[in-house]
1. Just the residues that are open to solvent by less than 30 Å² (accessible area, probe 1.4 Å), over 20 Å from the mean Cα position of the chain (by Cα) and in contact (Cβ under 8 Å) with a residue 24 or more places away in the chain, please, taken from the stretch 383-401.
2. Would you be able to tell me the number of residues in the stretch 57-116 that are under 21 Å from Leu39 (Cα atoms) and either modelled with pLDDT of 75 or more or among the polar types (S, T, N, Q) (or both)?
3. Restricting attention to the stretch 300-319, report how many residues are surrounded by fewer than 20 Cβ atoms within 10 Å (Cβ to Cβ) and at pLDDT below 85.
4. Output the qualifying pairs, or none if there are none: Cβ atoms under 7 angstrom, residues six or more apart or on different chains, first residue in the stretch 213-226 and open to solvent by 30 Å² or more (accessible area, probe 1.4 Å), second residue assigned to a helix (DSSP H, G or I).
5. Can you tell me how many residues within the stretch 185-201 are at pLDDT below 75 and either more than 28 Å from Leu138 (Cα to Cα) or open to solvent by less than 80 Å² (accessible area, probe 1.4 Å) (or both)?
6. Yes or no: Val321 out of contact with any strand residue (DSSP E or B) (no Cβ under 8 Å at 6 or more places or on another chain), of a type in the set (A, V, I, L, M, F, W, C) and not in a helix (DSSP H, G or I)?
7. Can you find even one residue in the stretch 32-50 that is over 19 Å from the mean Cα position of the chain (by Cα) and modelled with pLDDT under 75?
Amino acid sequence: MNQKIQLAIVFAAKGIGAALSVLTVALISRFYGLEVLGLYSLALTIANVGALVSSWGLGTSYLMDYQVGPNGDSGRPLAMIVISLLSCLAVFPLMLVVAKRFNLEEISPVVALFAVLSIFSVKTSFLLAKKKQILNSLLDEIVRPAVPLICVIVGYLFLSATDKENNLSVSLLASYLLLAVAVGLALKFSLLSNAWSISNSILYVRDRWRFLVKNGAAVTGSLVLVLLVAQVDRFLVRDLAGAEILGLYAIAQTATNILTYVGQSIILVATPEIVRCVKLGRFEEIGEICKKYSLFLLIVSGGGIFGALLLGKYYFSLFGVKPEFMEQGVLALVILMVGQGLAAFFGFGITVSTYVARRKFLLGSQILAVVVVIVLCVALVPQWGVVGAAVATSIGSVLVKALLWYRHRCNGLRVGIV
């Protein structure tokens with residue numbers, strides 16, 4: 001399929017998925033209130049961290065280790081899925097401990113989402129390697145947000161209205177089971193039969209376990225830090241300002257996630273190109289790829305900033321936000337959008353660093369950014385609430401991209417617009 005057509009389909013799917021996700025958050029806010037929404041957003045962050053740890057960078061390892069040919073994939077997908085599921089069993093008790101620390105017992109079943117998210121992460125690489133980006137986008141951007149939305153509506157209409165947290169938890173838990181079935185069916189019919197060879201999967205793990213452990217550690221550390229740079233503020237807002245203010249902040253972040261979805265769409269298309277250029281040593285071509293996509297993201301971010309300024313109050317009204325929270329919510333949204341725009345200018349340093357063996361500087365930059373976000377949140381959130389959290393997170397996100405951009409430029413590699 002023509003790459004432009006493929007990219008257009010992926011973007012369309014991302015747009016639909018973003019709309020469905022926004023609608024889900026809006027309904028949770030209206031059905032259950034800002035406080036429950038805040039607890040849900042924090043539980044989702046914990047689930048995402050658990051998913052990244054349990055998947056152990058297997059998706060990236062798969063792409064880096066992929067062999068073309070009828071037998072090149074024998075046993076590998078099965079091995080990686082089994083490893084991921086076993087990792088989930090090991091990580092799950094820790095997830096419950098963290099949930100208890102932040103008083104999420106009532107909504108702790110949401111944390112179970114991390115097992116499904118882990119399989120979603122791994123299956124993306126399987127489908128990308130098989131050039132099934134369209135199927136992957138349909139699963140990620142249509143099925144994945146649509147199923148929770150439907151379950152939230154059904155749960156609100158037919159479950160007890162007196163126990164809000166458990167009502168939401170049961171609804172979402174049902175959606176996770178349905179999503180797991182959807183992924184299983186997609187992989188069953190998309191991969192060759194030899195992908196499920198038990199004997200070959202054992203041989204693959206035996207021969208490649210050192211690579212899987214070493215590569216997985218670097219990739220997992222980087223991905224977890226990316227998530228923490230963007231969402232560690234949720235933990236601090238919960239402790240320093242309360243669940244209701246966290247719910248307001250989650251609404252602002254939901255809008256900026258639309259820009260993130262666009263970036264993820266581009267990364268899905270650009271990653272195979274970048275990997276190919278790295279293997280062939282065509283680093284100038286990597287620069288052209290990054291410049292083209294960074295410029296597009298910057299334009300989209302500019303539209304997001306304009307939209308936040310013009311329609312911010314209308315956006316928050318969709319979620320039933322009280323008038324007294326409206327002004328600070330809109331200001332936080334604008335700040336987050338500006339941060340997205342600045343990050344887009346500095347390009348795809350994180351993605352490129354993952355594949356050009358410059359991971360130590362990547363991890364160091366991300367650790368520094370997480371520390372900066374934490375320090376700024378502690379200083380700003382008690383007085384400024386969601387606005388302080390938005391400032392802290394935006395600075396942290398831009399800091400990582402700027403440091404990586406500078407490092408790559410010093411080594412003669414362009415990863416951003418300039």
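The values are calculated or read from the model by the stated rules, or taken from the named source; none is laboratory data. Just so it is clear, the structure is predicted and the values come from calculations on it, not from any experiment. Cβ coordinates were reconstructed from backbone atoms using ideal geometry, including for glycine residues, and neighbour counts include every protein chain displayed. SASA here: full protein model, heavy atoms, side chains in, ligands and nucleic acids out. Shrake-Rupley method; radii C 1.70, N 1.55, O 1.52, S 1.80 Å.
1. The initial filter retains those residues of the stretch 383-401 that are open to solvent by less than 30 Å² (accessible area, probe 1.4 Å), namely 385-390, 392-394, 396, 398, 400.
Imposing the further condition that a residue be over 20 Å from the mean Cα position of the chain (by Cα) reduces the set to 385-388.
Scanning the stretch 383-401 gives Gly385, Val386, Val387.
2. In the first step, residues of the stretch 57-116 are kept if they are under 21 Å from Leu39 (Cα atoms); the result is 91-116.
Still in the running and either modelled with pLDDT of 75 or more or among the polar types (S, T, N, Q) (or both): 91-103, 108.
Counting residues in the stretch 57-116 that are under 21 Å from Leu39 (Cα atoms) and either modelled with pLDDT of 75 or more or among the polar types (S, T, N, Q) (or both) gives 14.
3. Result for the stretch 300-319: 1.
4. From residues that are open to solvent by 30 Å² or more (accessible area, probe 1.4 Å), the pairs are Leu223/Leu52; Val226/Ile350; Val226/Gln366.
5. Qualifying residue count for the region: 11.
6. For Val321, the condition - out of contact with any strand residue (DSSP E or B) (no Cβ under 8 Å at 6 or more places or on another chain), of a type in the set (A, V, I, L, M, F, W, C) and not in a helix (DSSP H, G or I) - is met.
7. Step one: list which residues in the stretch 32-50 are over 19 Å from the mean Cα position of the chain (by Cα), which gives 32-36.
Filter once more, so that each one left must be modelled with pLDDT under 75: none.
Within the stretch 32-50, none of the residues are over 19 Å from the mean Cα position of the chain (by Cα) and modelled with pLDDT under 75.
Residue by residue, here is whether (1) within 29 Å of Leu309 (Cβ to Cβ); (2) part of a helix (DSSP H, G or I); (3) open to solvent by 20 Å² or more (accessible area, probe 1.4 Å); (4) modelled with pLDDT under 80 holds:
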position	(1), (2), (3), (4)
Ala332	yes, yes, no, no
Ile335	yes, yes, yes, no
Gly339	yes, yes, no, no
Ala357	no, no, yes, yes
Leu368	no, yes, yes, no
Val373	yes, yes, no, no
